[in-house]
Amino acid sequence: MLLIDDAIVVTLNDDHDVFFDGAIAIDEDRIVAVGTSADVRARVPDGATVIDAHGGAVMPGLVDLHYHTALGRGWADHLPLAENLARFWYPLVRAIDPEAVYWGALLSYAESIRFGVTAVNDMYRHIDAMAKAAGAIGIRAVLSNVVADDEHGLDTLASNEAGFRSSNGAADGRVEVTVGIEWLPLASIGLLRDASALAADLGTGVHIHLNESLGEVQSSLEKFGRRPTEVAYECGLLGPGTVAAHCVWLSDTEIGLMRDTGTQISHNPTSNAKLGVGVARLLDYRAAGINVGLGHDSVEGVNSSDMFQVMQFTSLVQRAVRMDAELLGAADLLTMATRNGSAALGHDAGVLAEGKKADVIVVDLNDPSFTPLVEGNRNQLYAHLAFAAQGRAVRTVVIDGAVVMDDRTLRTVDVDEIEAKATEAFVRVLAAAGVDDEIASGLAMTRGMPTP
């Protein structure tokens, strides 16, 4: 049994209970006690492993609901979405091999864990390599492929199905596999319908990009005569098991389709802002009753996987655009980053409560971003966690009941080795992809490129 003691316990339950002199107890992969330190200690037998939180905030782990394993941070930093995809992203992912994916996934997951993420919804290539990395490092991972029509040289439904059959349920169930669809500009109606049928046959979910850019919407209107979410609905791809990423440009009709089908949305404001694709109608989605979680997307597009930063952007962008400082308070942001993401993936986590999965983080309140902190003031604590904290403040991470990081040190992997191997892999894949040096220089022309 594991006891995390001397903590401020932020439960994020329906009542937003906070225990300022609190503790939680974990047995195997489940939380078995939450409450005051005295009450929890009384339920823990002698010989339990104890982590002294030193007054840190214990809270549910963050869920990164839209994620791409990445190797090439900072390489095509200045490019808008369409040119980034055409000149960097697609050449790189077409050239990537399982070994490079393994080290890239370890690099990505290591950063996410150090920033307090306990679960990722990762769409990339070579699912078995991703699953191997997730198993080695200890993260909870939902994996899918970047499936497109054959002529685009990405993944196929056959490769995604093979990954499901070989890796779904790996790492004691921490790894799950769903069906991925890259996006509609690279898909036919036949592929979309086949993807829906495959997900149903396998009893799994769907991860898809939808309505990310105006260019995508225009492409769908020209190609299919309907908007992207309308096409996805007609092909049977919407539903409670589907995570639709971005959804920046949903019409009222499409919002209704998302609501009526119970589809989950991953809102990715840092990526949307960095790539210049627009500001999503987040408040309208929430008002419609759609479950919205948060994602960073990819460090190749947005440079950082810090989900505390994503929380801050989620509120700040909406407040700026709508000129309303009362929108999206701290409790909303923390809930979207934990409970909503867990619910979207069907995970029994996201809340510190008895019987829930033990995906838990400890945030160091001695970090300067938490000063001042008035003892017993929940509102100020929430404000610090949602608007001031950075991933560097995370001290301890427990996933599925196992201590994956403590005192800011990953216990499961050698980070120095990962960083060296991932860099070697990037250099090798970059050469194989034939990506031109002008992209790295920052001097490439960024205007006048066709939008897919």
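Read the figures in this text as sums done on the coordinates, not as results from a lab. It should be emphasised that the depicted structure is a prediction, and the values quoted were computed from it without experimental measurement. Glycine gets a Cβ as well: all are built from the backbone with ideal geometry, and neighbour counts include every protein chain shown.
Some values worked out for this structure:
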| item | result |
| --- | --- |
| Linear extension gain, E375 paired with D149, 0.36 nm per residue minus alpha-carbon span | 75.7 nm |
| Estimated FRET transfer efficiency (D284, A197; beta-carbon r; R0 25 Å; 0.05) | 0.20 |
| Phi to ³J(HN,Hα) by Karplus 6.51 cos²θ - 1.76 cosθ + 1.60 over the range 174-181, Hz, x for Gly, Pro | 6, 9, 10, 10, 10, 9, x, 10 |
| Calculated log₁₀ intensity ratio I(q)/I(0) where the Debye formula runs over C-alpha points of the range 212-306, q = 0.13, 0.15, 0.17, 0.20 Å⁻¹ | -0.42, -0.57, -0.73, -0.98 |
| Extended-chain gain in nm, criterion 0.36 nm per residue less alpha-carbon gap, H78 and E424 | 122.2 nm |
| Contact order relative to length of the range 62-344, as percent, for alpha carbon pairs under 8 angstrom and 6 or more apart | 19 percent |
| Sorted by Cβ density within 10 Å, fewest first, the residues S298, S342, S251 | S251, S298, S342 |
| Distance (nanometres) between label positions extended 7 Å along Cα→Cβ at D172 and E28 | 1.0 nm |
| Histogram of C-alpha separations across the range 288-348, 10 Å bin width, % | 21, 47, 29, 2 |
| Label-point separation, R408 to E99 (7 Å along Cα→Cβ), nm | 3.4 nm |
| q = 0.09, 0.13 Å⁻¹: log10 I(q)/I(0) that the Debye formula gives for the chain, counting C-alpha atoms only | -0.55, -1.16 |
| Efficiency of FRET between S251 and A325 - r from beta-carbon atoms, R0 41 angstrom, step 0.05 | 0.90 |
| Hz values of 3J(HN,Hα) by residue in the range 63-79 - Karplus curve (6.51, -1.76, 1.60), Gly and Pro given as x | 10, 9, 7, 9, 8, 10, 3, 9, 10, x, 4, x, 8, 10, 5, 9, 8 |
